[in-house]
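The values are calculated or read from the model by the stated rules, or taken from the named source; none is laboratory data. No experiment lies behind these values; they were computed from the predicted model shown. Cβ: placed from backbone, ideal geometry, glycine included. Neighbour counts: every protein chain shown. Calculation scope for accessible area: heavy atoms of the full protein, side chains included, ligands and nucleic acids excluded. Shrake-Rupley method; radii C 1.70, N 1.55, O 1.52, S 1.80 Å.
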Amino acid sequence: MEPMNAMMLESIQDLSRTDTPLVCRQVPVPQPGEHEVLMRVTACGVCHTELDEIEGRTPPPHFPVIPGHQVLGRVAGLGPGATRFSDGQRVGVAWINRSCRRCRFCRDGLENLCAEFSATGRDVHGGYAPYMTVHEDFAFIIPERFSDAQAAPLLCAGAIGYRSLSLCQLHDGQRLGLTGFGASAHLVLKMVRHQLPDVPLYVFARSPGERDFARSLGAAWAGDTRERAPHPLDRIIDTTPAWTPVVEGLRNLAPGGRLVINAIRKETADRDALLKLDYSTHLWHEKEIKSVANVARSDVARFLELADRIPIIPEVESFRLPEANRALMELKNRKIRGAKVLVMDPD
Ligand SMILES: [Zn+2]
Ligand SMILES: [Zn+2]
């Protein structure tokens, strides 16, 4: 095959000094190894985690790397021993790219906690390219209802939102707060409205536009990050890259409440907010904080099935592959309309 033009990250970048962190490079089309499939990529979501990689909060172990972990494509080749898919079939790839499958975490379905966990688009090449390879057991079948672009944000924002909600162990009648109202939080809201209709939702967001959007989707209340909710909340899912919403969220928790942090890394700009943590106000009465280590395969598979059933159709904003830097900078500068998705040119 002809070489392909991929968007690559060649080193950690300071986004206050450059707005073109990725460079376009001509590289060979990858060959599928044992039990791998070659995918012709059709769409790839743009995620805040790419900014964490670029700015070094979760640095790739090797450079250059092709980012992108919400990947849709068609099977375009099979490696030795690969039998699960056939040529032309549609498949998706998420953040979880590989795990050891032998350790106690993997055996318990907690492969997201495996010491050998490998992430798509960080530890191995991802989907900001016309082709990529993936182990057949870590590729997902996508329900027909969704277009490629619509399915992309389901693979990360949706799947991690699903895991966050599972870790909340929420019951009908309890109150749920959401801090931040980007791609993941708005998918969580839609899931809760469907699965637990008697759970009122309280949304904390900085922009009035996001608060209006939350109310229009059925939030019982929406306010600024520093506001007090009208009632103490039993569970809160934090989807922001910052610390202030965590500290403020703990203040809003009811006794025995749990705050779940849905983020791979936190930014450091407002880390000082943690010094305001006061034991009696923020933690006393058995309040808990729990992080979400992204996703196991079961989260992705179950969420895709649920999104099809509800249905949840994400709002997406499309970019061409060479516009990846612009999409990333808009995400950095919080110009969020829908989930951003790179859509590949047809052959
Ligand atoms: Zn992601
Ligand atoms: Zn393992």
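Observations on the structure shown:
- Peptides 24-35, 175-186, ordered by how many other C-beta atoms sit within 10 Å of their residues on average, highest first, read 175-186, 24-35.
- Where the Cα pairs of the range 253-347 fall when distances are cut into 5 Å bins, in %: 3, 9, 10, 13, 17, 17, 13, 10, 5, 2, 1, 0, 0
- Prolate/oblate/rounded call for the range 117-199, Cα gyration tensor, a/c under 1.5 rounded: prolate
- Pairwise centroid distance, computed over Cα atoms, of the range 134-170 with the range 240-279, Å: 26
- Rounded to 10°, Cα long-axis angle of helix 297-309 versus longest principal axis of the chain: 80
- For residue 335, a cut-off of 13 angstrom between C-alpha atoms picks up these aspartates and glutamates, skipping any fewer than 8 places away in its own chain: 210, 317.
- The Cβ shell under 9 Å around residue 15 holds other residues with a net charge of -1, Lys and Arg each +1, Asp and Glu each -1.
- Excluding same-chain neighbours fewer than eight residues apart, the lysines reachable from residue 190 by a Cα-Cα span under 20 Å are 340.
- Proximal lysines to residue 287, defined as alpha-carbon separation beneath 25 angstrom and excluding residues fewer than eight positions away on the same chain: 266, 276
- Estimated FRET transfer efficiency (residue 215, residue 63; beta-carbon r; R0 56 Å; 0.05): 0.80
- Prolate/oblate/rounded label for the range 52-165 (Cα gyration tensor, a/c 1.5): rounded
- Cβ-Cβ FRET estimate between residue 34 and residue 268, R0 fixed at 30 Å, reported to 0.05: 0.15
- GluC sites (Glu not before Pro) within the range 250-347: DSSP coil, no more than 14 neighbouring Cβ in 10 Å: 286, 315
- Of the solvent-accessible surface of the chain, computed with a 1.4 Å probe and all protein chains present, 48% belongs to carbon and sulfur.
- Label-point gap, in nm, between residue 224 and residue 145 - each point 7 angstrom along Cα→Cβ: 3.8
- With protein chains left intact and a 1.4 Å probe, residues in the chain average 44 Å² of accessible area per residue.
- Restricting the GluC sites (Glu not before Pro) of the range 192-257 to loop positions (DSSP other than H, G, I, E, B) with no more than 14 neighbouring Cβ atoms within 10 Å leaves 227.
- From phi via Karplus (6.51, -1.76, 1.60), per-residue ³J(HN,Hα) for the range 318-331 in Hz, x at Gly/Pro: 8, 10, 7, 3, x, 8, 4, 4, 5, 4, 5, 5, 5, 5
- Shape call, the range 1-122: gyration tensor on alpha carbons, a/c limit 1.5: oblate
- Distance from the Cα centroid of the range 301-347 to that of the range 46-62 is 17 Å (rounded to whole angstrom).
- Protection-proxy order for peptides 84-95, 108-119, each taking the mean of Cβ atoms within 10 Å per residue, highest first: 84-95, 108-119
- Stokes-Einstein D in µm²/s, Kirkwood radius over Cα pairs - the chain at 25 °C with 0.890 mPa s viscosity: 119
- Rounded to 10°, Cα long-axis angle of helix 183-195 versus longest principal axis of the chain: 70
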